[in-house]
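One structure is given here, and the rest of the page talks about it.
The values are calculated or read from the model by the stated rules, or taken from the named source; none is laboratory data. For clarity, every value in this text was computed on a predicted model and none was experimentally measured. Because the Cβ atoms are built from the backbone with ideal geometry, glycine has one as well, and the counts that use them run over all protein chains shown.
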């Protein structure tokens, strides 16, 4: 009998399809539900009547948000933060991970630095010392604060380091024979061979920068310097300082429930990551499995 055509194989495949369909539905339904709530009427949203389709469709919540210049300013700040922060974080983590991927025989300080990194991953000084440090550097109310504060996660460094350690040593040996130095080996040999883990960490870092709101809340004193997630958090609680709504906007605000507005903001904030993720998803599994295993 042909392999895969037995009754047992068909049952197994059918169960797999059912499980995967349930998992796919559990992932997609919250996105669809959020969108439906965002375009539903006030009565339907407040009454919890929205389930699988919008009730009393309208786009007033999106109009209110899209016409808000403060929203677009926060959107721009978040985009700049993601681009600058991802570039800086990747450069810093790659340059940290490469020497740490060597043995203590090749690079003696490795052992001490590994202990320091692991300690920093498990413990930290707390929010107040972190804020005082940022303030003493004069970074409050600047893009640098949003980029540099917490920009080098130790866990990501360890993932990259373990991936580098699994690369064939013969590649570096051949490059040294040809006269290549450490910098050239890193950027022309090691990094091009590490696309899976680099793409995976880029995904982690960019999503982290995009979704992070607490740093903007603590490090930014002016509402016009808020990144998008901080702006959404603040306007969900109260109208941010410095934001003036016109009579028409107040009327539109009265016509929309808080649920509709919040759902619209959440849905808009998800769109950029939903666009980026498919381009990096193919590297995700390879990067995690290889980078997380030490031979």
Would a scan of segment 234-248 turn up a residue that is at pLDDT 70 or above, buried (at least 19 other Cβ atoms within 10 Å of the Cβ) and assigned by TED's automatic domain parsing to the domain that holds residue 75? yes
So residue 203, is it over 22 Å from the mean Cα position of the chain (by Cα), buried (at least 19 other Cβ atoms within 10 Å of the Cβ) and at pLDDT 70 or above: no
Test: residue 115 is out of contact with any helix residue (DSSP H, G or I) (no Cβ under 8 Å at 6 or more places or on another chain) and within 28 Å of residue 194 (Cβ to Cβ): yes
Expected output for segment 202-231 (first residue under 15 Å from residue 90 (Cβ atoms), partner not in a helix (DSSP H, G or I), Cβ below 8 Å, 6+ apart or cross-chain) is 204/153; 205/153; 208/153
Quick check on residue 21: is it touching a residue at least 40 places away in the same chain (Cβ under 8 Å) and outside the structural domain of residue 185 (by TED's automatic domain parsing)? no
Would you mention how many residues in segment 24-35 are touching a helix residue (DSSP H, G or I) at 6+ places or on another chain (Cβ under 9 Å) and without any contact (Cβ under 8 Å) to a residue 60 or more places away in the chain? 1
For residue 288, indicate whether it is modelled with pLDDT under 65 and outside any helix (DSSP H, G or I). no
Give 61, 44 a once-over and let me know the one that is part of a helix (DSSP H, G or I) and over 27 Å from the mean Cα position of the chain (by Cα). 44
